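These notes concern the structure reproduced below.
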Amino acid sequence: MRFEQTKDVLEHARSFHQRISDFYHDLSEQTGQQRLKLLLDYMAQREQELAGALKQFTEGSSREVLDTWFQFCCDDETLKLCPDALLHKDMTLDEIISAGVALSQCFIDLFREIANTADSEQVRAVFQNLLESEEREQKKLVRNIEMFTDL
């Protein structure tokens, strides 16, 4: 178990979303299948927006919250394993959909763990807010994917 500041965890999560967005974008550029390209472009844009939201969230948070230390079991390398295990160059439409939901679940689990274990009430509130936001985004993702697959 290592110690992290809130700002570091938020940066790990932002970087994670950005890496996923870049992966989807690169995959979209390589595919000739129009339907797959549409899905990948949507997924890349979604991840880019989530990365941007985390950046804005960080910029809007107080120094007191951002500089708070707490015990944390994940770091950038740990977060990196989640997309690396799910994402590969020859993904099918179904694999992309499954990976998108699973990656979203990685964030839900991460934010829930931090919210449940943080000593600081302010840090707990930050990660509870992020947890609720990620849960809403996951529901939106599932709903949009269902509409997309009905096309």
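The values are calculated or read from the model by the stated rules, or taken from the named source; none is laboratory data. All figures in this text were calculated on a predicted structure; none of them were measured in a lab. Positions of Cβ are backbone-derived with ideal geometry, glycine not excepted, and every protein chain shown enters the neighbour counts. Ligands, DNA and RNA are excluded from the accessible area calculation, which covers all protein heavy atoms including side chains. Shrake-Rupley method; radii C 1.70, N 1.55, O 1.52, S 1.80 Å.
Using just its DSSP H runs of length 4 or more, each adding -39500 (n - 2.57), the chain gives a mean residue ellipticity at 222 nm of -28000 deg cm²/dmol after division by all residues. Among H12, H88, the sequence by solvent-accessible area, most first, with a 1.4 Å probe is H88, H12. Using a Förster distance of 22 angstrom, determine the FRET efficiency expected from the C-beta separation of R112 and F57, and round it to 0.05. Calculated value: 0.85.
Under the 0.36 nm per residue contour assumption, what length would be gained going from the current alpha-carbon distance of E49 and A102 to full extension?
17.3 nm
The residues neighbouring T58, those whose beta-carbon lies less than 9 Å from its own, together hold a net charge of +1 under the Lys/Arg +1, Asp/Glu -1 convention.
To put it simply, the accessible area of the chain at a 1.4 Å probe is 50 percent carbon and sulfur.
Just to verify a number: FRET efficiency for L38 and E64, C-beta to C-beta distance, R0 = 35 Å, to 0.05? Please list the in-between numbers first.
Details: r = 44 Å, r/R0 = 1.24.
Taking R0 as 35 Å, the efficiency between L38 and E64 is 0.20.
Each of the peptides 135-143, 18-26, 118-126 was scored by the mean count of other Cβ atoms within 10 Å over its residues; in descending order, highest first, they stand as 18-26, 118-126, 135-143.
The lysines within cross-link reach of K7, meaning a Cα-to-Cα straight distance under 27 Å and a gap of 8 or more places when in the same chain, are K55, K80, K139, K140. Remark: the chain carries a charge dipole of roughly 280 debye about the Cα centre, counting +1 on each Lys and Arg Cβ and -1 on each Asp and Glu Cβ. Between Q30 and S120, the simple spin-label model (points 7 angstrom out along Cα→Cβ) gives 4.1 nm.
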